[in-house]
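Taking it in order: structure first as structure tokens, then the write-up.
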Amino acid sequence: MEDGGSSLEPVPLQRLRAVLKGSRADDPASICAELKGAGLVEEAADLLRAFRRGSSGSRLVDDLDARLSPLASQARQRRSARWQLDTRRVRLRLLFSKQEAALGFDDGDLHAIFLQAFRLEGLRLALDLGKRPRPLLSLGFSLPSGAGGLAEHLDAVLKQDPQADPEALMERLNRRLPAGLRVHRWEELPSCASDPLDLGLKAHWRWMAPASQRAGIESALAGFLQAETWPWEREKAGAPVDLRSFLLDFRWEEGALCFSTPLGAWQALNPLKALGAALGLASSSIDGLVRTGIDMKPDPRIAQAERFEPKLKNMYEDAVLLGGGSNIILIDEDDDEPTRLG
């Protein structure tokens, strides 16, 4: 991914990476001061944790950890206190395709790949409010290794508006991504937008079945459709799943077997394994299954975005009143003496 151009990650983080790799010697105090000045101590602490998991440790790493940990804790507390007032954050929804050379990637691989692409392009992701903050980047609907997708969802929250044309940003990311992955839509959303997982209704699939197996597949499919129920006992799972309620709307289109699956409570089921169980095939033999699209209901939170704004609006109005020479009287609870402003 580095072949897509030089890294645009903030210089203090690049400096820290070089020190951890041993390709550069620097004073830990100087490194931490630079990271603090750039507002990057939380990102640096996360990078240091990741490095420590894969190494045996050293005096330098221990020194950096001792210096960064309290700074990161303080930064997290400040950020938590200001979270509701931070209007710089930008929430994005990207649609991307996963095909051909990228079919072997699972959700974990995709998450790591997109994190790396955002980092190299200098697109700074906001962090969550957890004890060990993680970047706010999440994939939408699970897509197993071996299955492709034409319109997959990815939500990301940036610390601030990148101030660049979306088409240019997508082109930059696509230069970084491995073959088979390509972002084709970039949409900015209100901060109150729902998670895609809460909106999904139905997924549509297409499998170009081998012509040599067409007759056998049609026969197996006919048996499946004639059955009222089709219990499927999954490995290491609880009660059997009725595949007749999961695999729906079968039809043939130009040699391809098309069908749909419900989302919601069904999202954890692997469509490759389910289709194999219905047709009497090994899931590993189902090559080229592609999710062509997802039906989603309108986002009620976007439709009623104003309901999520009053708190911030009132805070703003109060700040204006308090700073605008008003004659508001505040009562100090300690001595009950009124304090007059303005």
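The values are calculated or read from the model by the stated rules, or taken from the named source; none is laboratory data. Everything quoted here is computed from the prediction, not taken from an experiment. Every residue, glycine among them, receives a Cβ derived from its backbone with ideal geometry; neighbour counts consider all protein chains shown.
When every residue of segment 255-263 is checked against the conditions, none turns out to be free of Cβ contacts under 8 Å to residues at least 24 places away in the same chain and either closer than 21 Å to Arg291 by Cα or out of contact with any Asp or Glu (no Cβ under 7 Å at 6 or more places or on another chain) (or both). Evaluated against (1) outside any strand (DSSP E or B); (2) within 26 Å of Glu167 (Cβ to Cβ); (3) of a type in the set (A, V, I, L, M, F, W, C), Leu129 falls short on exactly one condition, (2).
Return yes when Met208 is farther than 30 Å from Val90 by Cβ and either among the polar types (S, T, N, Q) or in contact (Cβ under 8 Å) with a residue 40 or more places away in the chain (or both) and no when it is not. For Met208, the condition - farther than 30 Å from Val90 by Cβ and either among the polar types (S, T, N, Q) or in contact (Cβ under 8 Å) with a residue 40 or more places away in the chain (or both) - is met.
Considering each residue of segment 285-299 in turn, none proves to be surrounded by 19 or more Cβ atoms within 10 Å (Cβ to Cβ), more than 28 Å from Leu154 (Cβ to Cβ) and either over 33 Å from the mean Cα position of the chain (by Cα) or free of Cβ contacts under 8 Å to residues at least 60 places away in the same chain (or both). Would you confirm, using the coordinates I've provided, whether Leu94 is farther than 15 Å from Leu143 by Cα, assigned to a strand (DSSP E or B) and either assigned by TED's automatic domain parsing to the domain that holds Glu167 or touching a strand residue (DSSP E or B) at 6+ places or on another chain (Cβ under 8 Å) (or both)? Yes; evaluated as a whole, the condition is true for this residue.
If you check Ala38 against the conditions, is it in contact with a helix residue (DSSP H, G or I) (Cβ under 6 Å, 6 or more places away or on another chain), under 30 Å from Gln163 (Cα atoms) and surrounded by fewer than 17 Cβ atoms within 10 Å (Cβ to Cβ)? So Ala38 fits the description; yes. Restricting attention to segment 54-75, does a residue exist that is in the same structural domain as Phe141 (by TED's automatic domain parsing), part of a loop (DSSP other than H, G, I, E, B) and loosely packed, with under 12 Cβ neighbours inside 10 Å? No, segment 54-75 contains no residue that is in the same structural domain as Phe141 (by TED's automatic domain parsing), part of a loop (DSSP other than H, G, I, E, B) and loosely packed, with under 12 Cβ neighbours inside 10 Å.
Residues of segment 101-124 that are surrounded by fewer than 19 Cβ atoms within 10 Å (Cβ to Cβ) and without any contact (Cβ under 8 Å) to a residue 60 or more places away in the chain: Gly104, Asp106, Asp107, Gly108, Asp109, His111, Ala112, Leu115. Listed conditions (1) out of contact with any Asp or Glu (no Cβ under 8 Å at 6 or more places or on another chain); (2) modelled with pLDDT of 95 or more; (3) in a helix (DSSP H, G or I); (4) under 28 Å from Pro298 (Cα atoms) are all met by Arg251, apart from (3).
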